[in-house]
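Here the structure is laid out as structure tokens; the discussion comes afterwards.
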Amino acid sequence: MTRTASTALTTPTHPETVFTYGAPALKYGAGSSDEIGFDLSQYDVRRALVVTDPGVAATGHPQRVADQMAQFGIEARVFDGSHVEPTDDSLREAIEFARETGPWDAYVAVGGGSAIDTAKAVNLLATNPGELMDYINVPVGKGAAPVNALRPLVAVPTTTGTGSESTTICVLDVLSLKVKTGISHPRLRPTLAVVDPLLTLTQPPGVTAASGMDILCHALESYTARPFDSYERKEAAQRVPYCGANPIADMWAEKSMSLLATSFRRAVAHGEDADARGDMALAATFAGMGFGNAGVHIPHACAYPIAGRVKDFRPDGYPADEPMVPHGMAVSLTAPEAFRFTFDAAPERHVRAAELLDPSLDRSGDPRDLLPGVLTALMRDIGIPNGIGAVGYDEGDVDDLVDGALKQQRLLATAPREVTADDAAEILRASLSLW
Ligand SMILES: NC(=O)c1ccc[n+]([C@@H]2O[C@H](COP(=O)([O-])OP(=O)(O)OC[C@H]3O[C@@H](n4cnc5c(N)ncnc54)[C@H](O)[C@@H]3O)[C@@H](O)[C@H]2O)c1
Ligand SMILES: [Zn+2]
């Protein structure tokens, strides 16, 4: 059949010409969390459930947010049972609490990615039929799409990291399978992100360091992701939230890296520095707006098994009752080697990123070493462990970790190069000890 111009535009093999951008409404700044009662009253909310975790509850912020809703006639209750890094069990518990105490007109998540992701799952299952596994990404779950609209969700981050306040994702551990996976759908995106840097001042240094590496990897991975126009053209119904690197996501990633260059080390060493905290909060939001549309790739794919198969590592600043490799730490440990591997796909982007992160960068030597060098110098300075060996893995674990990383095909589809099992093994082996 001869192809006409009009069929050429709709044929699925035609290169992609379209990218998408989604983001929630945003309120940023010191004191912005004092206005949530008013904000909710704009959505005719009468009853709101505040979702948090025990560590954040201890700062008093969630209760303060709940208390100021009363002036607007809103009945609020705090659920402080989110698990730090949610599991299927912890999400089921939170969903059950919401279903028993509901119906709720709106949800307000006050906390890091753990509390925000818990609120996303609660909102999904309190407004839609079925159970958690129905909505979890395939192949772990059924990957069903919600049939009903969700209630308004206001996300109030207290860490400077995940960007979950602007993304369509909820990340969880499925305990019986020892696998980290997620739920991903545009309806999960919070209605309003309220980013109040004052709430982040109490983050312990270990949390600031790990969650800050999450920001950095979001920015770097989306910046170096496979470009949106290198994919085959999708039909309207096939579009996914992660569409590859594109000019809008690039802009957020670059700005995020510049803020990190100025303020990351300072925020870890001097947690009381309000300017550094403000920059980190902006950096997290910017990176979230970028990667939430472009996607992330190899470091995040490797992080899932690194966190999911943890042995006995207990990081400073996190609850000591269970071993864990926090998300941001897990992501950062393979980043230097992953970006060495992706260098050839877009050399100028890797060099540009290194320059943004270190404006006084010495550009002599092999350009492949620039970004890995900037990353390892930063990681040493802020107390990130020296590679996956330092969190308990050895050569004998590499095959198992490769297996887990390759299961993250949704993420690896955004990598700028194809990643074979041998490539992943090489990256993980070189990441056993970084310096
Ligand atoms: N949905 C997304 O888009 C997305 C993106 C990246 C990561 N994640 C997920 O988010 C989770 C990690 O979230 P996180 O890094 O924000 O940390 P977190 O929510 O797990 O919190 C880490 C620790 O810091 C404490 N804490 C948080 N804020 C505090 C504050 N202001 N003062 C004192 N203590 C505070 C918490 O109580 C907890 O013990 C992981 O489950 C990860 O997989 C989600
Ligand atoms: Zn992340």
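The values are calculated or read from the model by the stated rules, or taken from the named source; none is laboratory data. The structure presented is a predicted model; accordingly, all values stated were derived computationally and were not measured. Neighbour counts run over all protein chains shown; Cβ positions are idealised from the backbone, glycine included. To get the accessible areas, we keep the full protein, side chains included, count just its heavy atoms, and leave off ligands, DNA and RNA. Shrake-Rupley method; radii C 1.70, N 1.55, O 1.52, S 1.80 Å.
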Requested in this report: Determine the distance separating the Cα centre of the range 136-156 from the Cα centre of the range 18-73; give it in Å without decimals.
Outcome: 20 Å
Report summary line: In the range 152-271 the accessible area split gives carbon plus sulfur, as whole percent at 1.4 Å, a share of 61 percent
Query - Estimated FRET transfer efficiency (ARG380, THR17; beta-carbon r; R0 45 Å; 0.05) - result: 0.55
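Carbon-plus-sulfur fraction of the accessible area of the range 386-435, 1.4 Å probe, in percent?
Details: 1050 of 2310 Å².
In the range 386-435, the share of accessible area belonging to carbon and sulfur is 45 percent.
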Query raised in the report: So for LYS311, LYS178, what's the accessible-area order with a 1.4 Å probe, most first?
Result: LYS178, LYS311
Query raised in the report: Over the Cα atoms of the range 116-186, what is the Rg over Rh ratio if Rh follows Kirkwood?
Result: 0.96
Query raised in the report: Which values of log₁₀ I(q)/I(0), to two decimal places, follow from the Debye formula for the range 205-430 at q = 0.07, 0.14, 0.15 Å⁻¹ with a uniform point scatterer at every Cα?
Result: -0.20, -0.84, -0.97
Report task. Order the peptides 84-96, 314-326, 356-368, 44-56 from the highest to the lowest mean number of other Cβ atoms within 10 Å of their residues. Result -> 44-56, 84-96, 314-326, 356-368
Query raised in the report: In square angstrom, what is the accessible area per residue of the chain with a 1.4 angstrom probe?
Result: 39 Å²
Query - Value of Rg to Rh for the chain (Rh from inverse mean 1/r over Cα pairs, i.e. Kirkwood) - result: 0.96
Report task. May I have the count of lysine pairs in the range 117-266 with C-alpha atoms under 27 Å apart, counting pairs 8 or more residues apart or located on different chains? Result -> 6
Query raised in the report: Tell me, what is a quarter of the convex hull surface for the C-alpha atoms of the range 1-156, in nm² with one decimal?
Result: 12.9 nm²
**Report entry** Under 10 Å, Cβ to Cβ, from LEU188 - net charge with Lys/Arg +1 and Asp/Glu -1
**Finding:** +2
Report summary line: Taking LYS180, LYS234 and ranking on accessible area (1.4 Å, protein atoms only), highest first, one gets LYS234, LYS180
**Report entry** Within the chain, helix-based [θ] at 222 nm, where runs of 4 or more DSSP H residues each add -39,500 (n - 2.57), nearest 500
**Finding:** -13500 deg cm²/dmol
Requested in this report: Only Cα pairs under 8 Å and at least 6 apart count here; give the relative contact order of the range 205-430 as a rounded whole percent.
Outcome: 27 percent
Query raised in the report: Given the chain, what percent of its DSSP beta bridges are antiparallel, to the nearest 5?
Result: 25 percent
Report task. Please calculate the 1.4 Å probe accessible area of SER431, with all protein chains present, and give it to the nearest 10 Å². Result -> 0 Å²
Query raised in the report: Ignoring any ligand, DNA or RNA, what whole percent of the accessible area of the range 27-103 comes from carbon and sulfur when the probe is 1.4 angstrom?
Result: 50 percent
Requested in this report: Extending each Cα 7 Å along its Cβ direction at ARG46 and ASN148, get the distance between those two points in nm, one decimal.
Outcome: 1.7 nm
Query raised in the report: Taking K and R as +1 and D and E as -1, what net charge do the other residues with C-beta under 12 Å from the C-beta of ASP381 add up to?
Result: +2
Query raised in the report: Span-like helices, the chain: DSSP H, alpha-carbon axial extent 18 Å or more, mean Kyte-Doolittle -1.0 or greater, which ones?
Result: 88-101, 113-127, 205-223, 247-269, 274-294, 370-382
Query - Only Lys, Arg (+1) and Asp, Glu (-1) charged, at Cβ; the chain dipole about Cα centre in debye - result: 1020 debye
Query raised in the report: Between the range 304-365 and the range 82-104, what's the alpha-carbon centroid distance in Å?
Result: 31 Å
Query - Relative contact order (%) - criterion: Cα under 8 Å, at least six apart; region: the chain - result: 15 percent
Query - Sequence ranges 137-149, 191-203, ranked by mean other-Cβ count within 10 angstrom, highest first - result: 191-203, 137-149
Query - Cβ-based charge dipole, the chain, positive-most Cα from PRO241, GLY278, MET257 - result: PRO241
Query raised in the report: At what distance in angstrom do the alpha carbon centres of the range 210-265 and the range 381-430 lie from each other?
Result: 20 Å
